[in-house]
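For reference, the structure discussed in these notes is given below.
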Amino acid sequence: MSKAKGDRRERQVVNILESIGYTVETPNSTPYPQGYGVDFFGLFDVMAFKKDEKPLFIQVKSNGARGIRSFSNECIDMQVPFDYCNVEFWVCYDNEGWRIINITENGYENIYDARDENKKMDEGAKQFKKEQLQKS
């Protein structure tokens, strides 16, 4: 994925989450001296926070979940506190929509796939996250 495409995908995730009330940070938007284009903790492209919800840490990919197993293992190796945060792997398939994969200490599972629906590009993921919040 090119840098420009990666930035676009990350902005899409930011826009989806902000539209449902999250406060969102990316390494490119934070004032901390991590440098341009460096993931948080070397793992996450997006961090999102919402009152009364666990923090959400996201890795963003385009057109395939390549690296999902190694990402999941890295999260476990880094001792990500899964009891206190949610970790997700968002994959945007061009012209088809988002696939969202939940990462846990036991591995990973697909929790949403827009390719199974007939919705506009970002609307399905936005609706899914909104419904997920209402359940919690």
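The length gained by stretching the chain between LYS119 and ASN15 to full extension, at 0.36 nm per residue less their Cα-Cα distance, is 35.8 nm. Only Lys, Arg, Asp and Glu carry charge here, each on its Cβ (+1 for the first two, -1 for the last two); on that basis the chain has a dipole of about 360 debye about its Cα centre. Annotation for ASP94 and ASP39: the two label points, set 7 Å from Cα along the Cα-Cβ direction, are 2.3 nm apart. Between TYR108 and any residue 5 or more places off or on another chain, the built amide H atoms are never under 5 Å apart. Between VAL80, VAL24, VAL14, which gets the highest mean-square fluctuation from a Gaussian network model of the chain, Cα cutoff 10 Å? Looking only at VAL80, VAL24, VAL14, the largest GNM fluctuation is found for VAL80. When the Cα positions of ILE68, PHE49, MET78 are compared along the charge dipole of region 37-90, ILE68 comes out farthest toward the positive end, with charges on each C-beta of Lys, Arg, Asp and Glu.
Under a Gaussian network description of the chain, with springs only between Cα atoms under 10 Å, the residue in GLN59, GLN79, GLN12 that fluctuates furthest is GLN79.
Taking Rg and Dmax of the Cα atoms in Å as the quantity of interest, determine which of (1) 14.0, 42; (2) 22.6, 87; (3) 31.8, 125 was computed from the displayed structure. Checking each listed value against the structure points to (1).
Looking at the chain, the DSSP beta bridges with both ends there are about 75 percent antiparallel.
Rounded to the nearest 500, the helix-only mean residue ellipticity at 222 nm of the chain stands at -9500 deg cm²/dmol, with each DSSP H run of n ≥ 4 adding -39,500 (n - 2.57). Residues considered: GLY107, GLY67, GLY97. Largest GNM mean-square fluctuation over the chain, using C-alpha springs under 10 Å, is found at GLY67.
Where a number appears in this text, it was derived from the coordinates with a stated rule and is not lab data. Note that the coordinates shown come from a computational prediction; the quantities given were computed from them, not determined experimentally. When we count neighbours, we look across all protein chains shown, and the Cβ atoms used for this are built from the backbone with ideal geometry, even at glycine.
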